[in-house]
Amino acid sequence: MKIKTKLRLGFGFLFIIVLSFGLIALFYLNELSDKSKVILKDNYKSLNYVAAMRNIVDQYPFPLSGSQQAIFTENLKNEGKNITEKGEKMAYQQLEEAFKMLENPQPAVVKAARIRDLRQALQRIEEVNMKAIYDKNEQANETSSRANLYIMIAATLSFIILFTFIVNFPGFVANPLAEFSAAIKQISRKNYKQRLHFENGDEFTELANSFNGMVVKLNEWENSNLSKIKSEKSRIEAIIAQMQDAIIGLNEKGEVLFLNHLAAKLMNLDENKVIGQNVAELVQKNELLKRIIKPETEDNTLKIYADEKESYFLLENREIIIPNYEEQEEKALIASSKSAGSVYILKNITQFKELDEAKTNFIATVSHELKTPLSSIKMSLKLLNDERVGTMNDEQHELLNHIKEDSDRLLKITSELLDLSQVETGNLKLTFALTKPEDIVQYAFDAVKFQAEQKFISLELNCEKNLPSVNADIQKTAWVLVNFLSNALRYSAEKSKVIISISQKDQFIEFSVRDFGKGIEEKYQKRLFDRYFQVPTDGQNKSGSGLGLAISKDFIEAENGKIWVKSAIGEGSQFCFSLPVVV
């Protein structure tokens, strides 16, 4: 039988029980209603007629006048038409006979006897109807009690049947589902011997057969893939062992899963003994392992003595994330993945480090060698401009100006390359001193004042009063500010303005240079402080070496400061840096 048919039959049975109980209650309620109506129907009318006639007899003497006699006669006729009880007819005849005799004049004694007979007849009618009312009331009470009893019995039987149905019927659906749930939990624990057996011939039986078929296929798949997994494990271990980088693998508990030969050699560990040990215990005995697992700085470059020389390694740490298939009882699924451990890789970058040092030394040497001839060229240009040496025409003056601009540009590039080589080799020397922020700005202001006047650009200074001092190298910091101002003047239109601002923000002094040029696109702003990066221009402005902002960043960070830029197309640019105040 299908589940849908079972549900229909079950709910149909409930409907029949509820309908039967309702019909029984309705039947007995209608019976009780009929009995109640009988009590108040004819007997009540008879009592009213008797009361009206007795009222005439009690208030008026016989023979009655015309109006009283009409009232008495009317009620007497109505009573004659409303005879419903046993003995009531005889009493009515006595009443009618006594009334007829009283219509004619009678002696006082006879008259009194007839009035007494009339009163007895009225009393008899009244007693008969009162007794009938009492008897019918008793019948109604009996009917009510019987109705209550039958309704109670029907309600009790309905309750028992419905309670039994409620307790047992959901089991037709819930019990198979519970078995399915338990079986699925077993499968999740890789218990592929689990089977389901239903003989009801419904959808659950079909589903159980499909489930059993699925378990068989899963069991076959598990057995067929176990050997493949072992083979892949051996292959991966062989690959890790042959890699040229040092590799350490930890599981989620911090235990060493694998360690290749190169890593064991660098850290002077026995790879066969450390496998399975907790890394928290190993780092207490091995300083290099501690620097790898728990680095104290953000610098990922490690200098290690290896191959009888100092070698450089780049540390990479990667967390292994896998799908989360574990059972979470009584908890909602918070995440669908979890950490399976971490892998630490040491890449040998000694060769690249040596090449970088060679490049830096070459740049420093070339830059240093270029400064001398460039200085001589500038001196010669200065002499040529002296009229005492000889006069020149306008074209010759223009050529000399071009040579002077190119010489200045080459001299600036060589100076920047020398500064860069100092930074890269770690030979950057800063002369820290307590300096007022106004002095730094004034130094830079004087350096670019002439350049601003040449382009008719006004320099506007906004400086807060009573600013605290900063601990900085005034020349290097002023160089950064001069670099900002030179760039602002280069990309500003004539007769515009450049705003220099100094203010205190918390425990920092903030310097900013704002121009109102074309601005810088957002996609270039993140790379402005990278070495050798230049924002593409339209050809109207000569670009520099791409080192000025990178060196500025190195200078400011060496002074424990921060540097950044704000810019928008059509609104100009604002270059800023901040230095900590002296507490």
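The values are calculated or read from the model by the stated rules, or taken from the named source; none is laboratory data. Only a predicted model underlies this, so the values are computations on that prediction, with no experimental measurement involved. For neighbour counting, all protein chains shown are included, and Cβ atoms are generated from backbone atoms with ideal geometry for every residue, glycine included.
Would you check if there is a residue in region 177-190 being touching a helix residue (DSSP H, G or I) at 6+ places or on another chain (Cβ under 6 Å) and either closer than 30 Å to residue 48 by Cβ or not charged (D, E, K, R) (or both)?
no
Any residue in region 521-533 that is in contact (Cβ under 8 Å) with a residue 40 or more places away in the chain, crowded, with 18+ Cβ neighbours inside 10 Å and farther than 22 Å from residue 434 by Cβ?
No.
Select from region 551-576 the residues that are in contact with a Phe, Trp or Tyr (Cβ under 6 Å, 6 or more places away or on another chain) and either part of a helix (DSSP H, G or I) or outside the structural domain of residue 489 (by TED's automatic domain parsing) (or both) and list them in ascending order.
553, 556
Of the residues 508, 529, 516, which single one is in contact with a strand residue (DSSP E or B) (Cβ under 9 Å, 6 or more places away or on another chain) and under 25 Å from residue 455 (Cβ atoms)?
One residue alone meets the criteria, 516.
With respect to residue 484, is the statement that it is part of a helix (DSSP H, G or I) and touching a helix residue (DSSP H, G or I) at 6+ places or on another chain (Cβ under 9 Å) true? Can you show your working first?
On the way: part of a helix (DSSP H, G or I): yes; touching a helix residue (DSSP H, G or I) at 6+ places or on another chain (Cβ under 9 Å): yes.
For residue 484, the condition - part of a helix (DSSP H, G or I) and touching a helix residue (DSSP H, G or I) at 6+ places or on another chain (Cβ under 9 Å) - is met.
So, in region 236-254, how many residues would count as being more than 15 Å from residue 341 (Cβ to Cβ), modelled with pLDDT of 70 or more and within 42 Å of the chain's Cα centre (by Cα)?
The number of residues fulfilling the criteria is 3.
Filter region 426-456 down to residues that are part of a helix (DSSP H, G or I), farther than 17 Å from residue 503 by Cβ and small (Gly, Ala, Ser) and give me whichever is modelled with the lowest pLDDT.
Among residues in region 426-456 that are part of a helix (DSSP H, G or I), farther than 17 Å from residue 503 by Cβ and small (Gly, Ala, Ser), the one modelled with the lowest pLDDT is 447.
Which residues, taken from region 70-120, are modelled with pLDDT of 80 or more, in a loop (DSSP other than H, G, I, E, B), surrounded by fewer than 17 Cβ atoms within 10 Å (Cβ to Cβ) and at negative phi?
86
Taking region 267-311 only, how many residues are closer than 19 Å to residue 343 by Cα and assigned to a strand (DSSP E or B)?
Residues that pass the stated criteria total 3.
Taking residue 393, is it within 30 Å of residue 498 (Cα to Cα) and at pLDDT 65 or above?
Answer is no for this residue.
Applying the selection to region 477-513, what residues are modelled with pLDDT under 90 and acidic (Asp, Glu)?
Selection gives 494, 506.
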